[in-house]
Each structure stands twice: as C-alpha cells, then as structure tokens.
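Visitor: Attaching a single structure in structure tokens format; questions to follow.
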Amino acid sequence: MTTTREFGVVGKPLARVDAVTKVTGRAIYADDMLLPRTLHCRILRSPHPHARILSIDTSAARRIPGVQAVITGADLPIKFGILPVTQDERALEHEKVRYVGDPIAAVAAIEEEIAAAAIDAISVEYEVLDPVMSIEDALAAPRDERIQDYGGPNNIHKLVALEFGDVDAGFERADHIREDVFFFQGNTHLPMEQHSAIATYVDGRITLWSSTQVVHYVHRALAKVLELPMNRIRVIGAAHGGGFGGKTDPFAHEIIVCKLAMMTGRPVKCTLTREEVFYAHRGRHPVLMWVRTGATRDGQITAMHFRTALDGGAYGSYGVASTFYTGALQTVTYDIPAYRFEGCRVFTNKPPCGPKRGHGTPQPRFALELNLEKISHELGIDPVDLKQRNFVKPMTRTVNWLRVTSCGLDECTERVMTASNYRRRERRPGHGMGFAISSYLSGAGTAIYWNDMPHSEVQIKVDRGGVTAYCGAMDIGQGSDSVLAMIVAEELGLQPADVRLVTADTDTTPIDLGSYSSRVTFMAGNAAIEAARKMRGMVVEAAAAKMGCDTSAVEVRGGRIGDFTFEEASVLAEARFGTLTSAGSYTPPKLAGPYKGSGVGPSPAYSYSACVVDLDADARTGLVHVNKIWIAHDVGRAINPLLVEGQVEGSVYMGLGEALMEEQAFRKGLHKWPSMLEYKSPTFVDMPEVETFIVETDDPEGPYGAKEAGQGPLLPVPPAVCSAVYDALGVWIDEVPVTPEKIVEALRRKEKGEPGRFGPTRFPAIPYPPTIKVEPPPRDLPSAAPAAI
Amino acid sequence: MKQEVLREVQRVVLNLDVNGERAELLLPVHKTLLEVLREDMQLTGTKHGCELGECGTCTVLVDGRPELSCLLLPIQLEGRAITTVEGLASGSELHPLQQAFAETGAAQCGYCTPGILLAAKSLLESNARPSRDEIREALAGNLCRCTGYAKILDAIELAAGRMA
Amino acid sequence: MLRLPRFKYLRPKTATEAARMAAEFGPRAMFVAGGTDLFPKLKRRQFEVEALIGLDFLPRQIHGGSTDCVVDAGVTLAAASSDNHLIESFAGYAEASGQVSSPPLRNAGTVGGNLCVDTRCNYYDMTYEWRKAAGFCMKKDGDICLVAPSSPRCWAVSSSDTAPMAIALDGVVSLTGPDGERELPVSALYRDDGMDYMAKQPTEVITSLRLPADSATRTAYVKLRRRGSIDFPIAGAAVALQFEGDTVMRCRIVLSAVASYPLEATAAEEFLKGRKVDAETIRETADIAAKPAKPLDNADLSHFWRKRMVRVVVEQALQRATTRNQGSTVKLLGRQPD
Ligand SMILES: Cc1cc2nc3c(=O)[nH]c(=O)nc-3n(C[C@H](O)[C@H](O)[C@H](O)COP(=O)(O)OP(=O)(O)OC[C@H]3O[C@@H](n4cnc5c(N)ncnc54)[C@H](O)[C@@H]3O)c2cc1C
Ligand code: SF4
Ligand code: FES
Ligand code: FES
C-alpha cells in the first residue's frame, strides 16, 4: 500500500530525537532526581531461600537517628502480579519468603547509609523450610511445603498440552525420527542502570517517576495495592537506562516508595543496588527441552513433538505466557504439518523469571535449530538446505493457527550465506561456521489482561505551528520516541525535530501498553499514522479552501502545505476547526485460534532473521574465539535504519553473551555471583565484528510496512554458535552457556568412544494433562484470514 | 555490623577543579567522587552501575586520564583537573565525539555514554587515529548492554577522522 | 548505591609518619594507595576500619639504572605498563601490569597496592548482605571455611598479576616501618594463609620495588581469565629465563591464582635448568609446574578445568619468553594484547 511512495523522512538514518540530551549527560534518569527533602529508602531482603516468617522486630531500626519510617508486609498486604491469574506477590512479605532477596521490610531515612544501617538492625525470626532449587526437585513431593499455594501437583505452576494436526500419523509418515534433549541456562538482563523509583505525595495524589518499561502496568499495580483510584496516581517514565524485559513487571520498590511517601509526607527514593537488581531478575527462564522430529528422506518435516520444563523461580510473573511461548513460534519459521506441544513451568526458590529479550522463545529456538541440524547430518543433507526446504511461505497460516504475512526468510538466508561464504568455508582444524534462523513477534496480538480497548493510542495537538504528539509508550533506549516523531513528521511533511513529544506519563498521555514484546513501532506507529493523517486532513482542507483548489491538489512536503508554510496552514486550520487535535489508536486484528491458550503466539506480523557465526575453538583448552557474525534481519521496513541496526547489533551482542558466558547460577540456595564482575557480560574486546543486513519485505499491516527489530535477532545466535563449535571440533554442546570446560568434557567423552556431546541426558517424567486436540486451520491465508489484509 | 553509621563524620573543606570550575565544598571524607559529583554538585551526568569498579559507567577524567569515580576520594584529588561529561561541550557546541555519537546512534539508552565519551576523549588525545582494536583495548573497562559496541566504534572513528 | 563506611582520613607526609600512625591505630586503620582493591572491599564491609592512612605522598617515578630498576610504590599500573624502560628490560612485568583489570582501573591502581591485593574467594568477595545470608566465613565475621568446611584454614586465592612476575624477577621491596627501613625479597612477602597473607608487618609501608637488571633475562606473563578485560586472573604464569647459548642457566616460574600465595614451581625450575628449550622440554616443564597447583571451587569456572589450564599458561609463558624479539608470536589464550 505504501511501497511505491516517496518518503520524506522514513527510511533515513537520522539521529535519535533525544541524542543530544543523552550525549551531553542531560537526560534525567530516575536516580538523578533529588527533590527537596527527599528521603532514601533501603529494603531488607530475605537471607533464606524458603522460610516462614515468625516475627519481625523493627524497634532497633526505628531508634536510629535519621530514620523516618519503617514498614513491613502488614502495611502492604494486598497481593499483585503482572498477570491477572497470578496475583501472587507482595511488596513486602510478612508471612513467608520464597527466595534469597524476597523483600521483607523497608526504611526511609534522611540518608541512604542510615537507611542501610537501619535495615540491618531489623531482626526477623524465621522457620527455615527446605528449599527447592531445581526442576527435578520441584516435580517431586515437597519435603516441607509447597512454595506457592496454587498450581500443582507438587511445585508445578502451569501445565499445557496441545496437539495440532495428527502427530502420530505424521511420525508414521517419517523416514527418519530423531529425539534430543537440550538445556538453556537462565540469565539476566543486566541493564547498566539499576532500577530506581522516586515518589511524592501531595494533596492526596501520588506521583511516581520510575525506570520502568510500562507505566501503565505500574499504574494498575499501585492502584490495587495502595487502594487508591487510578486518577489519584500518576506514573511517569524517567529517562531509561536499559530494560531488555527486566523492567516490565511492577516491582516492590515502586510500591514501597509510594507508601513511604504517603506516610512521611516527603519524597522518597529507592535505587536498587546491583545485587538487588539480580534479585529483581524476571530474566530468562532456565528451560529443559525434549524434541522429537520426524522427516522424510529428503528432509521434509512430517511431525514434531516438543516438550519444555521451565524453572520459573518463586513467583508467577509472566510465567504462564512464558510457558506458552516456549511452544508457540516453532511453527512460524518451519512448515510443520503436525505439531504437539507439552509445556510445564515449576516454582523454585529462586528470583522469579520472566520476560527477557525474546521472551520464552530463544530456548526452544536453540533446541529446534540444533535438532534440525542433527537430523540433516544424519540424512546427509546440508543443514542450510534442509532448513530452507521447510521454510514457511508468506501469506499462510501455521498448523497452530498463527497468521504469517510477510516473510523474508529466504532473502535473509541468502544474504548471510553470500556474505559469509559459508558454503565455501575454509576447512582448518578448530575452525567452524554455524547457521541458524529465527522469528519473533511484532507485538502480542492480545493484551496481558482481557479488555477490548486499543493497545496503543496517540494524540496530536497543533498550536501555532507547533506539533506535539502524546503517547504512553516508553523509550527504553530502543528509540521509540524517535520512531513516533518520524512518523508524525512524515505525515505532516515536517522533520522529526519539528515534533515535540510527550510520552510515558499516565496523567498526560493516552494509553500504550508499553515497551515489551516488540510492539511499540508496530502498534504505537500505526496509531500515530492514524492520528497524523487526521491532522493532515484538517490542515490540507484549510489550505485547499484558501487556495481555492481541491484537497488532492495540496502537496504536503518539505515543511509546506500547498502554498503555505506548515505554520500558516495550521493557523488557517485552527480558524476553521477550532483547537487542532487529533487521535489515532491501534487494536490488533483478532487473530487467536479456537483453543485455550491461543492468545499467546499470535502477532500482527513476524520478523525473521538469519545468522552465521564464524569461530575458532581450541580442542585442548575448550576456549572459543568468535571471529565474526553475519546477521540479516527482515524488519519489514526500516523506518530508521540506524535504529534498526542498533537493535540488531545489540541483540546479537546479548545472544552471544548468553551463548558463551552469561549465567544466572545458584549455589547453596543463593545466587552464586550477583555482581558485574562475576556475572560475565562481554566487554569491548570480547565482541567480534558484526555485519548487519536489513531486509525489507513491506509488511501489509505494519506502519509503512515495518515489523520488529529489537528481539528477534538475538535468537539465532546461541544455536549458530553451537553449530559452529560442532563444525570446528565435531562435538555437540547441547546447553548454553558454552563454557570451555563443557567443550573439553565433550571431547574427552568422544575420545573414550562415548557420544561426543555435553548436555542433559534425560527429560523428567511430567504429569502433563490430556492433550487438547485442535483442528488445524486451512493453510492458505485467504480462506483463513479473519482480518482483511 | 553496619553501626559505623553512628560514628562521627569527618568533614573537610576541599577545593575541587571540575570542568575548569573551582568549587570549595565542605565534604564528608568518606564520600566518593561519584557521590559528590551527583549529590553535592548536581553533576548527574556521571552515572553508576555497580559502585565497585566493575562496569566503567562512572568513568571521569582525572588530569585527562579515565578513572572510576566510584573508587576515588575527593580528598585525594585536590589540585587535579576533573572532567565530567558536562565539561565536554564548549557552550552549546558539542564536542566532536558527542556529535559523532549522536549522528551514528552510539547512544541507545545513553546510560553508559558519559563514561565512554570520556574514555574515548582521553584515547584520542594520546592517539589521534586509533585502529578499531586500539579503541577496543582502550574502552575495555566500559560495559554497554545496548549497542553491542559496534556503533560506538563507528562513532569514535568518525570523530577521530573529523578531529584529525 | 553502595557506599563507603564512615572513616577518618589521615594524611601523613612521609612513610615513617604513615607507619607510626599505623602502629598507633593498630588493626583499626589501613593504608590506602589507589583504593581500587580497598574501596570495593570496604563498601562490601570486608574490612572494618576507623581510619584510612593515605599513601598519596608516595613518589611515582620509575628509576631505570644499569644495575637495577626501582619502581616507586606509588607508580600506577598504567604508567608501569607503558614505561619504555620496563617494556624493554622487564617485558613480563610491564605485561603483567598491563593486564590487571581494565584501563580506567589501572590509571588509579598502584604497583605497591597490587603487591598487597587481598586474597580472593567467591564466598568472601561479596556484599555484607550476601555473606550474612550465606553465613559468614572465617576470613571475616565467621568461623568456618565455606569452600572446605572441614579445613582449619582459609584457602582464599592470591590474585595479584604482578606479584608472581616480581618474584620471578628476583624483585625486592623496600619497607618502611615505625622504627626504620628494610628490604625484603618479594618471594618472602607472602604466607601460605588466605587470611593472614602478608609476611610483612601491617605497619610497614612498601615504598618501592627494585628489579635487578640482567639484560639476558627473558620474561613473560600469561594470564587466563574469562573475558579480555576487567577480570582477575583465574590462572597465570610468570616466567624469567636466562640462557647461556641455548641452555637455560637460570629459571623462575611463578604461578598466580592457584594458591593463597604466588606459587613458585620449584621442581619445574630445577627440571628446566641446564636444558635446551624446545617444544618437548616446554611441555614437560609445564607438566611438572602444574602439579603443585590445587585450585579450589572458589573462583570463576570449574577448578578441574582451571587445574588443567595451569599447564597451558606455563607452556605459553615459556614459549612467549623464549620467542620474544625473534619475530614470531605465540597465539595466546582468548583475547590478549600481543
Ligand atoms: C573489578 C576489579 C578487577 C580487578 N582485577 C585485578 C586483576 O585482574 N589483577 C590484579 O592483580 N588486581 C586486580 N584488582 C585489584 C586491584 O585493583 C589491583 O590489585 C590494584 O593494583 C591495587 O592497587 P591500589 O593502589 O589500588 O591498592 P589499594 O586498594 O589502595 O590497596 C590494596 C591493599 O594494599 C595495601 N597497600 C596499598 N599500598 C600499599 C603500600 N605502598 N604499602 C603497604 N600496603 C599497601 C592497602 O592497605 C590495601 O590493603 C581488581 C580490582 C577490581 C575492583
Ligand atoms: S577460602 Fe574459605 S575461609 Fe577463605 S574466604 Fe573462602 S570461604 Fe572464607
Ligand atoms: S559504578 Fe561501576 S565502575 Fe564505578
Ligand atoms: S547505550 Fe545503553 S548501556 Fe550503552
């Protein structure tokens, strides 16, 4: 619909709208704020992974000079949680703690060091319970008691079992069947900015500035726990120092500072320490996976059976969604005619897991890519060929009812194949190359809580030529503010700098469901187009009237509306229509299939990526040196190529960290290394050159054809690394991170004549419920599409 | 254990030279430069990610060389020239590094940016046309979680070219 | 934000004055030079002090002479790693200084402080809150060892990058105590004890490090760590060799991060002396050197793998020392500067 159009600003590599603010150090992050009389808050956290709280004595803390308020769970007893079905968290726990780091009490004091001393002076009596620290442990009967009092049996949180098409028949049709078990270790977001929030309470109203990805969800949780109407609470997203999914839940400290501000009548600030950020977590679930795939002799997939077991940590968080996600997107890259998915999430006494870049999908992607790779070796087919033969086609529906519109898999694959010279790669000992692909959502098709309202809304106000766009979306560094400005500018014939932005403020901006699930460009972008086109209609109509011509004869470009400057035209329009405002909104098409759980997976469009990793691996030491990574990403259309490349490169970086070193590890019930020194994040010298290719497929529903870029390109990196290690040394490392010791061990086994592999050997017995059989949709899109596209 | 907070605070009057401006401040001796910049001088451009010397976010220049402000005491810095991100631009004109970071998209969330800009400034002063590997070595103490470092390398090369 | 505890900051003008202050305060005071080791540990409450004695007065010169080179204790690691005299005559020492942590840290961390860096353990180098949750260990506030619970001693790991090299080079430190000065070989500066790891008196200030010059000495330091920067060593080898013709006349091999003190591989040194260096002898020497290393499960990656890697770092250090200046380069572990 827009392919042939000439763009004014879309597609140009423009600087971000907040670039100067950021490079001059003038962006105000939450911890930079210090309102007059601000009190400082510190939180007492559980030293036990699992315990009942018998008593809490805060009297010594209260006696310390400078302490203004001390609160415990009794002050904030109402439970909250991101999903309506799992309202299982308290801002402060006074009955039971479920992981080392669970918040118990909080202090507001005139100085941070006084608050820190005061929490140390609080004494808590515990009845220590047996901790549950692994998936196996959680599946067994608890030795003391269950971690949560819902879910089950034992410490199981959620079970799902779905079948699409006739899987048994599919396996019967197969010439070759292969089963594998994989493990993807948990890891965390590690944003450079530690979470921070500051609240004031004046005249019966709370204002909270926070480092959050979703002001709206924080707003809802505050209203619930503080028992205040939403109109008494204002949540503002401060400049954001990195999220990656880690700031998408409402957090205890956000609620605590509000409560303390209400009690003390002074502003209260809480900035988590780095250690506390590790406890706030909500990061990548550790997932154990079992996959069984059937294929014909020439490599055509006939059926797949996929099982996952997620280690969820102590609370629900987004876990129900995460569980479905581990089974949802296998089908949007490969055409799988019959598919069975069984998923299980368990509770353990660890910080809760949740959404991290790629939410629930990098783990199955890892398993899927490697499983297919192994099948191709057994069938004697080149892995790239085998995968390509099974690529989904554009404009189809998958067996599990997901609607695929644009799909650039073939082009992405060709780009990285050609650039990396993969097919004619150098063969020398210890050198290897690996290939993998992936896909991700451009926003979830359904909201976290059921409602029929739009997912994103944008308002535009024009006044004396000044354009202001209002939107609830939060720029977390990905550049969503810049995208909004570019879209509004594009439609009004202006430059992004001409557009003032007001975003992420629940008082002044209309709703947007926030920066997660790669939804902002797609959803807020479409809402912005609608609002801006309405505004354009008004200024054009006013200009046409004055020019005495038809509206179609009024050209909108280069800061001009027909014969007038934009400012002149806007004055004409205001005289004609009164106050110039317009609004647009976006509601995704109803895409969910006819089954329970179908809300997770559908997206108005999917992005696609392909990746090649080139590395040297040393057989003696197991040390891996990545030489280069090529990545091609189908983003539909790059509204700003600079931002897209930045998202792709950042995703590759994070994927490489997960593949090689990042690990949320536990020892004796404690996080083993909650510090930036011991939790290994790749430095400048650990990062290879990355060559990025942007592929544009012009999605029919995306704004100007655009899709997501911020998460998908992470996914192919871990499997591509493992496939390159196999290429180099002939051993499979079936779990991440790929540490040198695992490689050495796999080689040792191979030398002894055992399978040359490192990874889990078995998948536990899980009491999955009876499988729900779902009739697949007609596979060609026109006959299946509910939304006209 | 943490009751040292009840101890008396030793305060000293210090003369600090920050971004060419002299400031006379009465400061507790145990406050780090990071805390003093952010809390006593309202220079919040200097950020922090660990306060333990592990991430490089808090990097400032001391006599032109990058150091970690979370591990420095102002009492050790009298007579030394301290530069923070606020001291990079001249008036409203950006430093070429700032300009290049803005143009290339080297700042995403922008949280690591102040520290990296300063480390890069120091590098370019001793090595006007560094290779990509030399830039990597010089910045190896500064973590960034957003960019994958690629655009930062591009930006520094761009600025070096323009400054030469 | 993690903050320092309240303390007094004392500013002596000389080493003697500093030593006397230390004597007066006893364990309630500590010296501070660059603070890059001490400040993180104070923020984590691994030490409790009432006063810090600033060593800002320490000179910061490198005096290269014909018989030896004297490096003032206040010289920063960055200055040591880029000093031309050190690079030419004591390449391994410059190399070790240049591999400590990261560039901004090396601009503050000093040569003297690096010799005194506290022993490390990942049950100990944690915040106060973490250690309280884990249960305190005997190195601070507790009475057992969490790594080896049945052990009566602490096994925290000596993690200095420059100390092994200083020992391999026969380095000598000058110490100033409350009652006078003395010299001590760096090899005698340490004890095999994770807690009480320094053999000098706590009141003694290191004022300089003297490296005896011998132009025939070939040196190298090879460090193993997970990332190319920031990380402490998880194994390392410092070697210094002297040849007569092709034959090794003198040989020192000192390991970092495998014991509570820089571990000298004496048996390997004996083995190599009088031999010609080739691939085979290097392999055998490295095998012997690795034997006494007993890494425990208190540092990054598994101790089995680290143990296995000791041999590799020794081999690479020997190769690097013997081939340096011969145009050939040894491909080192991971990403390291050549
Ligand atoms: C993230 C991080 C990574 C690190 N990585 C490494 C690494 O890879 N390799 C490594 O070796 N070190 C590493 N360190 C430790 C430390 O930074 C260095 O060892 C540094 O050289 C210490 O020097 P300093 O001057 O800062 O010592 P300080 O912190 O000032 O002092 C350290 C100790 O030595 C004592 N001391 C200092 N100077 C003297 C003196 N002249 N006489 C007597 N006593 C003295 C102090 O009382 C204190 O006990 C790292 C530190 C951090 C925070
Ligand atoms: S080795 Fe044992 S005693 Fe020593 S620091 Fe570690 S846990 Fe504590
Ligand atoms: S804040 Fe991380 S190094 Fe200073
Ligand atoms: S830009 Fe976000 S951490 Fe570097």
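The values are calculated or read from the model by the stated rules, or taken from the named source; none is laboratory data. The structure displayed is predicted, hence computed values, not measured ones. Note that each Cβ is placed from the backbone with ideal geometry, even for glycine, and that neighbours are counted across all protein chains shown. Surface accessibility is based on the protein's heavy atoms, side chains included, excluding ligands, DNA and RNA. Shrake-Rupley method; radii C 1.70, N 1.55, O 1.52, S 1.80 Å.
Visitor: Can you go through A:TYR217, A:TYR201 and tell me which one is open to solvent by 20 Å² or more (accessible area, probe 1.4 Å) and hydroxyl-bearing (Ser, Thr, Tyr)?
Guide: After ruling out the rest, the residue left standing is A:TYR201.
Visitor: May I pose another question? When the residues of the range A:382-440 are narrowed to those that are more than 30 Å from A:TYR704 (Cβ to Cβ) and β-branched (Val, Ile, Thr), which ends up farthest from the chain's Cα centre (by Cα)?
Guide: Ranking the candidates gives A:VAL384 first.
Let's see how each residue does on (1) within 19 Å of A:SER607 (Cβ to Cβ); (2) open to solvent by 20 Å² or more (accessible area, probe 1.4 Å); (3) in the same structural domain as A:PRO641 (by TED's automatic domain parsing):
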residue	(1), (2), (3)
A:CYS412	yes, no, yes
A:ALA419	no, yes, yes
A:TYR422	no, no, yes
A:ARG427	no, yes, yes
A:GLY430	no, no, yes
A:PHE435	yes, no, yes
A:TYR440	yes, no, yes
A:ILE476	yes, yes, no
A:GLY479	yes, no, no
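Visitor: Filtering the range C:140-150 down to residues that are open to solvent by 30 Å² or more (accessible area, probe 1.4 Å) and in a loop (DSSP other than H, G, I, E, B), which residue is nearest to ligand 1 (Cβ to nearest atom)?
Guide: Filtering first and then ranking leaves C:VAL147.
Visitor: Ok, one more. So how many residues does the range C:123-132 have that are open to solvent by less than 20 Å² (accessible area, probe 1.4 Å) and either among the aliphatic types (A, V, I, L, M) or within 11 Å of chain B (Cβ to nearest Cβ) (or both)?
Guide: Summing the residues that are open to solvent by less than 20 Å² (accessible area, probe 1.4 Å) and either among the aliphatic types (A, V, I, L, M) or within 11 Å of chain B (Cβ to nearest Cβ) (or both) in the range C:123-132 gives 5.
Visitor: Tell me, which residue of the range C:71-89 that is hydrophobic (A, V, I, L, M, F, W, C) and buried (at least 18 other Cβ atoms within 10 Å of the Cβ) is modelled with the lowest pLDDT?
Guide: C:LEU86
Visitor: OK, next. Which members of the range C:90-122 meet the condition of being open to solvent by 10 Å² or more (accessible area, probe 1.4 Å), more than 9 Å from every other protein chain (Cβ to nearest Cβ) and within 21 Å of A:GLU678 (Cβ to Cβ)?
Guide: Passing the criteria: C:VAL100, C:ASN114, C:VAL117, C:ARG120, C:CYS121.
Visitor: Got at least one residue in the range B:12-25 being touching a strand residue (DSSP E or B) at 6+ places or on another chain (Cβ under 7 Å), facing another protein chain (nearest Cβ under 8 Å) and assigned to a loop (DSSP other than H, G, I, E, B)?
Guide: no
Visitor: Oh, and also: Between C:GLY180, C:GLY245, C:GLY194, which is small (Gly, Ala, Ser), away from chain B (no Cβ under 14 Å), free of Cβ contacts under 8 Å to residues at least 60 places away in the same chain and open to solvent by less than 40 Å² (accessible area, probe 1.4 Å)?
Guide: Of the residues listed, the single one that is small (Gly, Ala, Ser), away from chain B (no Cβ under 14 Å), free of Cβ contacts under 8 Å to residues at least 60 places away in the same chain and open to solvent by less than 40 Å² (accessible area, probe 1.4 Å) is C:GLY180.
Visitor: If you scan the range C:222-270, which residues turn out to be part of a loop (DSSP other than H, G, I, E, B) and under 14 Å from C:ALA286 (Cα atoms)?
Guide: Selection gives C:ALA265 alone.
Visitor: Looking at the range C:65-122, which of its residues are among the charged types (D, E, K, R), away from ligand 1 (no atom under 11 Å from the Cβ) and either over 25 Å from B:ARG80 (Cβ atoms) or assigned to a strand (DSSP E or B) (or both)?
Guide: C:ASP68, C:GLU88, C:GLU95
Visitor: Here is a further query. Going by the conditions given, is A:ALA115 in contact (Cβ under 8 Å) with a residue 60 or more places away in the chain and either of a type outside the set (Ser, Thr, Tyr) or on the phi > 0 side of the Ramachandran plot (or both)?
Guide: Against the criterion (in contact (Cβ under 8 Å) with a residue 60 or more places away in the chain and either of a type outside the set (Ser, Thr, Tyr) or on the phi > 0 side of the Ramachandran plot (or both)), A:ALA115 qualifies.
Visitor: Looking at the range A:152-169, is at least one residue open to solvent by less than 50 Å² (accessible area, probe 1.4 Å), under 21 Å from A:HIS671 (Cα atoms) and among the aromatic types (Phe, Trp, Tyr)?
Guide: Scanning the range A:152-169 turns up no residue that is open to solvent by less than 50 Å² (accessible area, probe 1.4 Å), under 21 Å from A:HIS671 (Cα atoms) and among the aromatic types (Phe, Trp, Tyr).
Visitor: Give B:GLN76, B:GLN42 a once-over and let me know the one that is within 11 Å of chain A (Cβ to nearest Cβ), free of Cβ contacts under 8 Å to residues at least 40 places away in the same chain and not aromatic (Phe, Trp, Tyr).
Guide: Step by step, each of B:GLN76, B:GLN42 is checked, and only B:GLN42 is within 11 Å of chain A (Cβ to nearest Cβ), free of Cβ contacts under 8 Å to residues at least 40 places away in the same chain and not aromatic (Phe, Trp, Tyr).
Visitor: If you don't mind, there's one more thing I want to ask. For the range B:87-110, does any single residue satisfy the condition of being within 16 Å of ligand 3 (Cβ to nearest atom) and either open to solvent by 30 Å² or more (accessible area, probe 1.4 Å) or at positive phi (or both)?
Guide: Scanning the range B:87-110 turns up at least one residue that is within 16 Å of ligand 3 (Cβ to nearest atom) and either open to solvent by 30 Å² or more (accessible area, probe 1.4 Å) or at positive phi (or both).
Visitor: Further, regarding this structure: Among the residues of the range A:455-474, what is the count of those that are surrounded by 22 or more Cβ atoms within 10 Å (Cβ to Cβ) and over 27 Å from the mean Cα position of the chain (by Cα)?
Guide: Here the count works out to 3.
Visitor: Oh, and also: Among the residues in the range B:34-48, are any of a type in the set (Lys, Arg), away from ligand 1 (no atom under 16 Å from the Cβ) and buried (at least 24 other Cβ atoms within 10 Å of the Cβ)?
Guide: Checked the range B:34-48: at least one residue is of a type in the set (Lys, Arg), away from ligand 1 (no atom under 16 Å from the Cβ) and buried (at least 24 other Cβ atoms within 10 Å of the Cβ).
Visitor: Against the definition (more than 23 Å from C:PRO40 (Cα to Cα), touching a helix residue (DSSP H, G or I) at 6+ places or on another chain (Cβ under 6 Å) and within 13 Å of chain C (Cβ to nearest Cβ)), how does B:LEU123 come out, yes or no?
Guide: Against the criterion (more than 23 Å from C:PRO40 (Cα to Cα), touching a helix residue (DSSP H, G or I) at 6+ places or on another chain (Cβ under 6 Å) and within 13 Å of chain C (Cβ to nearest Cβ)), B:LEU123 qualifies.
Visitor: How do the helices (runs of 4 or more DSSP H) wholly within the range A:76-182 filter down when requiring 2 or more residues that are acidic (Asp, Glu) and assigned by TED's automatic domain parsing to the domain that holds A:THR273: which remain?
Guide: Output list reads A:112-120.
Visitor: A further question follows. Output yes when any residue across the range A:565-580 is outside the structural domain of A:ALA543 (by TED's automatic domain parsing) and open to solvent by 10 Å² or more (accessible area, probe 1.4 Å), and no when none is.
Guide: Among the residues of the range A:565-580, not one is outside the structural domain of A:ALA543 (by TED's automatic domain parsing) and open to solvent by 10 Å² or more (accessible area, probe 1.4 Å), which makes the answer no.
Conditions (1) assigned to a strand (DSSP E or B); (2) within 12 Å of B:LEU143 (Cα to Cα); (3) modelled with pLDDT of 95 or more; (4) within 16 Å of ligand 2 (Cβ to nearest atom), marked per residue:
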site	(1), (2), (3), (4)
B:LEU43	no, no, yes, no
B:HIS48	no, yes, yes, no
B:GLU51	no, no, yes, no
B:GLU54	no, yes, yes, no
B:LEU61	yes, no, yes, no
B:GLU67	yes, no, yes, no
B:CYS70	no, no, yes, no
B:ILE75	no, no, yes, no
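Visitor: Right, next: Filter the range A:10-24 down to the residues that are in a loop (DSSP other than H, G, I, E, B) and open to solvent by 10 Å² or more (accessible area, probe 1.4 Å) and list them by number.
Guide: A:GLY11, A:LYS12, A:PRO13, A:LEU14, A:ALA15, A:ARG16, A:VAL17, A:ASP18, A:THR24
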